[in-house]
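What follows is a single structure, written as structure tokens, with notes after it.
The values are calculated or read from the model by the stated rules, or taken from the named source; none is laboratory data. Model, not experiment: these values are computed from the prediction. When we count neighbours, we look across all protein chains shown, and the Cβ atoms used for this are built from the backbone with ideal geometry, even at glycine.
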Amino acid sequence: MTTIVWFRQDLRLTDNPALSEAFADGPVLPLYILETPEQAGETHPMTGASRWWLHHSLKALRRDLGCLIIMEGPAEAALARAVEQSGARAIHWNRCYEPHAIARDKRLKAKFSAEGLSVRSFNASLLHEPWELETKTGGPFKVYSPFWRAAQLRPVPAPLPRPGGELVLPDGLGRPLDEFALTPSRPDWAAGWRDLWQPGEAGAVERLAAFLDENLKGYGELRNRPDLPNVSRLSPHLRFGEISPRQILAATRLHTDLHPEQAKDGDKFLSEIGWREFAYHLLYHFPDLPAKNWKPTFDAYPWRESAEDLAAWQKGMTGYPMVDAGMRELWATGYMHNRVRMLVASFLIKHLRIDWRHGEAWFRDTLLDADLANNSASWQWVAGSGADAAPYFRIFAPVGQGQKFDPDGVYVRRWCPELARLPNEVLHAPFEAPDRMLKAAGVVLGKTYPRPIVDHAAARAAAMAGYEAVKIAGGNAAE
């Protein structure tokens, strides 16, 4: 029996249950469907940077499989055509958890099942399904720590081996990948990314192995240092399903069994996988997470509208070097160190008092690992409006963060080269440097590097005043 395997966010062969089960039943037609946001019903679609990665990930999957049929949406019409031309009697896919995907998949499963096809879906993206974990009183978790403790008590299946079998390729079905124009051309702002990244399953496996062998040691502390290599950089690979959380869990546990002195570092690394699981848990149970404040009282926050300040933040021209370095790293590489992500998010929300949804949209456009669940949950966490959120009074000081986590200025000098000649003691606050130091370093504030667009102390006071409106709204809601 021929089975259509509809690839989505699972662009790999190993530990791919939909593919393994399909090959066990007979020939497989491997299919990827490109839908427009309107066709898919998406309100938060994949954009710029993610589309670049998708192109190269599909190219790698096609190479690994030997072939891959790529069709245009809508998914219902594409699947119907594939069924008709192949004579397939079954459709398999691995589950997606975005609200629009859940609604679409339910509709498609009902339609094709009613037509006599076997339609099966599987978990390939998470350690546990979002509905499998509940609090002791029932209902979803709303705090990360008890969620992750509960998740660790549940067994996780071992990763599936890479399957193989016969492929079915009907004539005239699908179009060449290059015709879909997923990569930029005029201008090609991603020109240097091929030297930085290796999209695809092989790249994901190599990245994980290199991280465990070279950079896991000391991860618990050093992961906060953007000037050091102690991060996995697996997030884009996870985003597109080129590697599964089960594979990461199994490989990390094997490594720490062999190197027990790194067990705590391994646990800390896996807790980051746990945060991803928690984000999906939240998105599944609270589908408005990407668009609405999880805590409704935050609707009372008095956001500012400033296109000028938003643009300065986006371009890395705020006058705070650690913030600017992060935003420039993002633009140049499609990635930003996680510690710096928290800082730049805090700066946008709490220094500039610009709605977190503007930041979520910018990250979704520029991050290679833009993941609706992670992105939304993390922005709301920083804002204080989300589940298990950071306390509203926690406002990162950009200068202090730079001095603490980039003490030698390696990160800032890399991404803000106009400041490279400043000594460490003033590098993270050039606006406080004596004129002689600025002159010796060739820095002219307001010309070669911007003055701060906001004063830290004044911004903190304004943010706290804004949060008073939230507290008042919360009190009124309690009444």
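One line per residue, one yes/no per condition, for (1) of a type in the set (Lys, Arg); (2) under 29 Å from Arg304 (Cβ atoms):
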{"residue": "Pro430", "(1), (2)": "no, yes"}
{"residue": "Asp435", "(1), (2)": "no, no"}
{"residue": "Lys439", "(1), (2)": "yes, no"}
{"residue": "Ala459", "(1), (2)": "no, yes"}
{"residue": "Tyr467", "(1), (2)": "no, yes"}
{"residue": "Val470", "(1), (2)": "no, yes"}
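Filtering the stretch 72-100 to residues that are farther than 15 Å from Gln9 by Cα and buried (at least 19 other Cβ atoms within 10 Å of the Cβ) leaves Ala78, Leu79, Ala82, Val83, Ser86, Ala88, Ala90, Ile91. Just one of the numbered conditions (1) touching a residue at least 60 places away in the same chain (Cβ under 8 Å); (2) surrounded by fewer than 22 Cβ atoms within 10 Å (Cβ to Cβ); (3) part of a helix (DSSP H, G or I); (4) in contact with an Asp or Glu (Cβ under 9 Å, 6 or more places away or on another chain) is not true of Met1: (3).
Leu68 fulfils the conditions (1) touching a helix residue (DSSP H, G or I) at 6+ places or on another chain (Cβ under 6 Å); (2) assigned by TED's automatic domain parsing to the domain that holds Ala22; (3) aliphatic (A, V, I, L, M); (4) more than 20 Å from Leu29 (Cβ to Cβ) except for a single criterion, (4).
When residues in the stretch 412-444 are screened for being buried (at least 19 other Cβ atoms within 10 Å of the Cβ) and farther than 21 Å from Gln401 by Cα, 3 of them pass.
Take Gln314 and decide whether it is within 27 Å of Ala300 (Cα to Cα) and either under 17 Å from the mean Cα position of the chain (by Cα) or not assigned by TED's automatic domain parsing to the domain that holds Glu242 (or both).
Numbers: within 27 Å of Ala300 (Cα to Cα): yes; either under 17 Å from the mean Cα position of the chain (by Cα) or not assigned by TED's automatic domain parsing to the domain that holds Glu242 (or both): yes.
Here the answer is yes, as Gln314 does meet what is asked.
Report, by residue number, each residue of the stretch 371-415 that is touching a Lys or Arg at 6+ places or on another chain (Cβ under 6 Å), modelled with pLDDT under 95 and either over 22 Å from Arg460 (Cβ atoms) or not assigned by TED's automatic domain parsing to the domain that holds Ala429 (or both). Those that are touching a Lys or Arg at 6+ places or on another chain (Cβ under 6 Å), modelled with pLDDT under 95 and either over 22 Å from Arg460 (Cβ atoms) or not assigned by TED's automatic domain parsing to the domain that holds Ala429 (or both): Asp371, Ala387. Listed conditions (1) modelled with pLDDT of 95 or more; (2) hydrophobic (A, V, I, L, M, F, W, C); (3) buried (at least 19 other Cβ atoms within 10 Å of the Cβ) are all met by Ala40, apart from (1). Under the condition of being in a helix (DSSP H, G or I) and under 21 Å from Leu343 (Cβ atoms), the residues counted in the stretch 197-235 number 5.
Pairing each residue of the stretch 108-128 that is surrounded by 17 or more Cβ atoms within 10 Å (Cβ to Cβ) with any residue that is among the β-branched types (Val, Ile, Thr) and in a helix (DSSP H, G or I), provided the two are 6+ apart or on different chains, yields C-beta distances under 9 Å for Phe112/Val83; Leu117/Val83; Leu127/Ile273. The number of residues in the stretch 45-92 being out of contact with any Ser or Thr (no Cβ under 7 Å at 6 or more places or on another chain), in a loop (DSSP other than H, G, I, E, B) and over 13 Å from Val168 (Cβ atoms) comes to 4. Taking the residues in the stretch 184-226 that are surrounded by 13 or more Cβ atoms within 10 Å (Cβ to Cβ) and at pLDDT below 95 as candidates, determine which candidate is nearest to Glu261 (Cα to Cα). Among residues in the stretch 184-226 that are surrounded by 13 or more Cβ atoms within 10 Å (Cβ to Cβ) and at pLDDT below 95, the one nearest to Glu261 (Cα to Cα) is Ala190.
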